[in-house]
Amino acid sequence: IASAVGDPNRTMISVPNRFVFSFVMPLVTLSTGVLLLALLAPSPSFLHRIFGFAPMVWLGRISYGLYLWHWVVHHAVVKWGWGGKVWGNSLGLVLSIGAAAASYYGLERPFLKLKSRRRPAAEKALP
């Protein structure tokens, strides 16, 4: 595998993916950096209003669960033969958000509450 990755004549990346990896992904990365710099600006802007919108804030709260669950849900949707279809992708998005919300409210929040209960006792023990 290492020799195939290192040798440009023997690559495992197909031609359409070469475009994605050499142009699209760097463009997305650069755009993300520009977006973050714009959000760090001290004066409120249109971007601040978009990311301050309640549904966006909620998606930010469940984002870790979304990161964890989207892959599982995507592969399930593809395995069921629904991948690549608009309704299949939409179903995958809804199921991913649902799984992330269930994970956030059922697991993440209770454990965060336990952490906040234990923290004061641990801080008192410090010199």
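Per-structure values
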item: For region 24-102, accessible area per residue (1.4 Å probe, heavy atoms of protein chains only), Å²; result: 74
item: In order through region 82-96: 3J(HN,Hα) via Karplus (6.51 cos²θ - 1.76 cosθ + 1.60), integer Hz, x for Gly, Pro; result: 9, x, x, 9, 4, 5, x, 5, 5, 4, x, 5, 5, 5, 5
item: Efficiency of FRET between residue 39 and residue 85 - r from beta-carbon atoms, R0 30 angstrom, step 0.05; result: 0.30
item: Phi-based couplings in Hz for region 32-41 (Karplus 6.51, -1.76, 1.60; Gly and Pro marked x); result: 5, x, 5, 4, 5, 4, 5, 6, 7, 4
item: Mean projection area, nm², convex hull over Cα of region 25-112; result: 7.7
item: In order through region 52-62: 3J(HN,Hα) via Karplus (6.51 cos²θ - 1.76 cosθ + 1.60), integer Hz, x for Gly, Pro; result: x, 5, 3, x, 5, 5, 5, 4, x, 5, 9
item: Under 5 Å, built H, 5+ apart or other chain: amide partners of residue 83; result: 78
item: Region 41-116, accessible surface, carbon-and-sulfur percent (1.4 angstrom probe); result: 74
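The values are calculated or read from the model by the stated rules, or taken from the named source; none is laboratory data. Just so it is clear, the structure is predicted and the values come from calculations on it, not from any experiment. Positions of Cβ are generated from backbone atoms using ideal geometry, with glycine treated the same way; all protein chains shown enter the neighbour counts. We work out accessible area using only protein heavy atoms, side chains counted, and drop any ligands, DNA or RNA first. Shrake-Rupley method; radii C 1.70, N 1.55, O 1.52, S 1.80 Å.
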